[in-house]
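Working notes, beginning with the structure itself.
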Amino acid sequence: MCGIVAHIGSRDCVPVLLEGLAQLEYRGYDSAGIAVIGRAGDLRVRKAKGRVSDLAAGLPARFRGGPGIGHTRWATHGEPSDVNAHPHASGTVAIVHNGIIENADDLRAKLIADGAQFASQTDSEVLAHLIAAVDASDLAEAVRQALTSVVGTYGIAVLDTRQPDRIVVARNGSPVVLGLGDKEMFVASDVAALVRYTRQVVHLDDGEVATVRADGFSTSTLDARTTIKKPSVVDLGTGSYDAEGYRHFMRKEIHEQPKAVERVLRGRLDERFHTAHLGGLNLDARQAREIRRVKILGCGSAYYAGLLGAQLIEEMARIPADAEPASEFRYRNPVVEADTLYVAVSQSGETYDTLAAVQELKRKGGRVLGVVNAVGSAIARECEGGVYLHAGPEISVTSTKTFTATAVVFALLALHLGRIHDLSLADGARITAGLRALPGQITQILEAEERIADTARELVGHPGMFFIGRVRGWPVAREGAQKLKEVSYLHAEAYPASELKHGPLALVGPDLPTVAVVPDDELFDKNIATLGEIRARSGPLLVVGHRALDPRLADQVMLVPRNEPELDPILLSVPLQLLAYHAAVALGNDVDKPRNLAKSVTVE
């Protein structure tokens with residue numbers, strides 16, 4: 001959940017580190033720091049509570065050197081402060097760390113007994129002392145020996161002034177990527193920090209250690225067995241990580257959704273058989289027919305996209321499907337069935353809870369597919385097949401275009417499985433046409449942004465609100481509440497509309513608005529009856545749906561273009577993204593970096 005960047009080469013590394021940290025700030029932003037080896041061979045460390053800009057502003061004019069490591073933090077142990085910020089040092093050694101050391105307290109006690117003096121409250125400082133305490137002539141060997149006593153997750157980069165020609169990095173559960181330059185090398189926790197300098201990257205696997213020098217790298221396992229890594233090419237330019245004139249990345253990414261959906265669909269629709277081409281599934285028609293259940297695993301918005309996906313699969317393929325938080329799945333000793341298809345969903349492809357669920361499924365012989373946005377990510381490599389979103393980088397912590405892209409991927413998967421099972425050619429043609437219409441219809445919704453912004457400004461005077469929906473509208477309501485909570489900090493709670501009268505209705509009144517998702521489907525009349533219950537108790541009502549309503553039923557209606565009923569939830573989600581965004585702007589919040597949250601959750 002933190003950002004790591006490192007550089008080794010002939011140039012001064014400080015500008016490279018600061019630029020890389022700025023690109024990674026969405027991964028952690030409560031403190032930042034850098035450590036470099038100075039020209040005199042001394043270890044120079046500077047760190048600061050706050051943003052990367054605060055760190056840069058406080059650097060001395062002659063703060064230069066190389067190699068160097070940098071870090072932007074999302075706190076897990078110890079409050080945000082200058083002292084708790086990374087890098088952490090012990091003697092000649094400095095480290096940056098992403099992850100959690102689960103046995104840090106025990107290790108700290110042993111190190112203190114041996115004479116170590118700790119400056120911070122962090123678990124990460126333990127690593128610096130462990131490595132410094134190892135009597136080894138080679139830094140990589142010292143790192144390997146230190147890590148044998150560590151329980152937990154880590155992505156680390158290590159400097160030692162006694163060996164200034166190298167940086168040593170290691171990975172277990174937190175991403176580490178090497179970037180290959182011309183007589184220089186880069187390290188980062190995300191390719192976002194690298195694409196300005198190189199397109200050639202190497203992803204470390206769990207349990208790997210790399211020694212990085214200006215002229216290349218070598219990799220090995222924790223028990224010193226050599227591994228062979230081949231570089232891959234990152235197909236992204238630096239412009240993908242720029243706000244491009246938008247005030248916030250979140251708004252930019254909401255407006256990128258028509259193009260993102262076009263990329264998801266490109267080359268994947270079959271007009272002859274009205275089905276979807278998903279070659280990355282590694283699943284032939286005979287194997288697909290043997291599937292008796294689909295289980296989708298994800299966290300946060302990925303989980304809510306999974307709920308929407310499960311509905312699509314049940315409706316189109318008539319295969320029982322459900323979604324479950326990946327963070328809970330492996331702890332309930334799940335029954336893993338041979339005829340169940342498991343689908344792991346993660347925007348980053350590095351979400352630790354989801355990755356751990358994938359590994360547990362593989363251990364038990366389950367078939368697992370991945371739906372991820374990041375090529376080469378850990379979940380993509382662990383799964384035996386899957387689908388890339390191709391949504392492009394998403395910098396805002398709050399997921400918008402990747403949620404929509406994930407929902408469209410599930411529509412494609414449902415269409416693919418449905419046409420193998422019982423979905424007719426005519427229905428396949430209907431769904432295919434609906435999918436092709438999505439980008440244009442999303443554009444129509446975005447054109448109504450100013451009216452949605454006015455509505456958001458009216459709602460922020462309330463302390464919170466309900467989101468309700470039935471069947472197809474229920475995942476939309478849950479994701480809508482999630483979005484509002486994340487960026488506005490208003491309390492938002494989602495309920496099935498049918499459950500309102502079974503308890504939550506007691507809270508409805510003039511001070512609690514309700515956002516109701518009301519598609520024009522077979523449940524329209526039942527939803528209207530629920531609206532009547534709310535209005536009878538003077539509850540303010542905002543409806544997202546397809547029909548204009550009598551003002552006595554709703555204060556406002558956000559009209560959304562109709563698609564096919566199965567695909568309507570994808571469109572109904574978009575106005576709620578805009579509602580959350582403009583509520584946050586009206587409240588003056590830091591939209592792209594909401595408090596207490598980070599983009600890539602690589603800790604448990």
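The values are calculated or read from the model by the stated rules, or taken from the named source; none is laboratory data. Every value quoted in this text rests on a predicted model; they were computed, and no experiment measured them. FYI the Cβ positions are ideal-geometry reconstructions off the backbone, even for glycines, and counts take in every protein chain you see. Keep in mind that these areas ignore ligands, DNA and RNA; they rest on the heavy atoms of the full protein, side chains included. Shrake-Rupley method; radii C 1.70, N 1.55, O 1.52, S 1.80 Å.
Sorting ARG213, ARG286 by solvent-accessible area of protein heavy atoms yields ARG286, ARG213, largest first, with a 1.4 Å probe.
The simple spin-label model puts a point 7 Å past each Cα toward its Cβ; for GLN121 and ASP215 those points are separated by 4.7 nm. The chymotrypsin sites (Phe, Trp or Tyr not before Pro) of segment 256-310 that meet both conditions, a loop assignment by DSSP and at most 15 other Cβ atoms within 10 Å of the site Cβ, are PHE273. Angle of helix 14-24 to the longest C-alpha principal axis of the chain, folded into 0 to 90 degrees and rounded to 10: 20°. May I ask for the percentage of alpha-carbon pairs in the chain that lie more than 37 Å from each other? Pairs farther apart than 37 Å: 37 percent. Against the chain, whose longest principal axis comes from its Cα atoms, helix 401-420 is set at around 60 degrees. Computing FRET efficiency as 1/(1 + (r/R0)^6) for ARG196 and SER149, where r is the C-beta to C-beta distance and R0 is 35 Å, gives about 0.40. For segment 32-188, the Cβ-based charge dipole about the Cα centre amounts to some 580 debye (Lys, Arg positive; Asp, Glu negative; other atoms uncharged).
A full extension of the chain between GLU450 and ALA136 corresponds to an added length of 106.7 nm, given 0.36 nm per residue minus the alpha carbon distance.
A simple rule links phi to the HN-Hα coupling: the Karplus curve 6.51 cos²θ - 1.76 cosθ + 1.60 with θ = phi - 60°, which for segment 119-134 gives 9, 10, 8, 7, 6, 5, 4, 3, 4, 4, 5, 4, 5, 5, 7, 7 Hz, with x for Gly and Pro.
Each of ALA133, ASN333, LEU541 was scored by the projection of its Cα onto the charge dipole of the chain, and the greatest displacement toward the positive side belongs to ALA133; charges sit on the C-beta of Lys, Arg, Asp and Glu. Where both bridge residues fall in the chain, DSSP classifies roughly 60% of the beta bridges as antiparallel. If you plug the beta carbon distance of HIS502 and GLU244 into 1/(1 + (r/R0)^6) with R0 = 45 Å, you get a FRET efficiency near 0.45. Under 30 Å of direct C-alpha separation, and excluding same-chain neighbours fewer than eight residues apart, LYS49 reaches these lysines: LYS110, LYS252, LYS483, LYS485, LYS593, LYS599. Straight-line cross-link reach from LYS183 at under 21 Å between alpha-carbon atoms covers these lysines, not counting any fewer than eight positions away in the same chain: LYS229, LYS230.
Spacing of the modelled spin labels on ASP235 and ARG293, each 7 Å from Cα toward Cβ, amounts to 3.6 nm.
Got a sec? Charge dipole of segment 284-390, +1 on Cβ for Lys and Arg, -1 for Asp and Glu; which of ALA285, VAL387, LEU307 is way out at the positive end? Towards the positive end, the residue furthest out is ALA285. Multiplying the residue separation of LYS110 and ARG286 by 0.36 nm and removing their Cα-Cα distance gives an extension gain of 57.6 nm. Of all lysines in the structure, those lying under 25 Å Cα to Cα from LYS526, and not within fewer than 8 positions of it along the same chain, are LYS501. Note on the chain: with neighbouring protein chains present and a 1.4 Å probe, carbon and sulfur make up 48 percent of its accessible heavy-atom surface. A 1.4 Å probe run over the protein chains yields, for the chain, 38 Å² of accessible area per residue, whole-number rounding. The dipole here belongs to the chain: it is taken about the Cα centre, uses +1 on the Cβ of Lys and Arg and -1 on the Cβ of Asp and Glu, and is about 620 debye.
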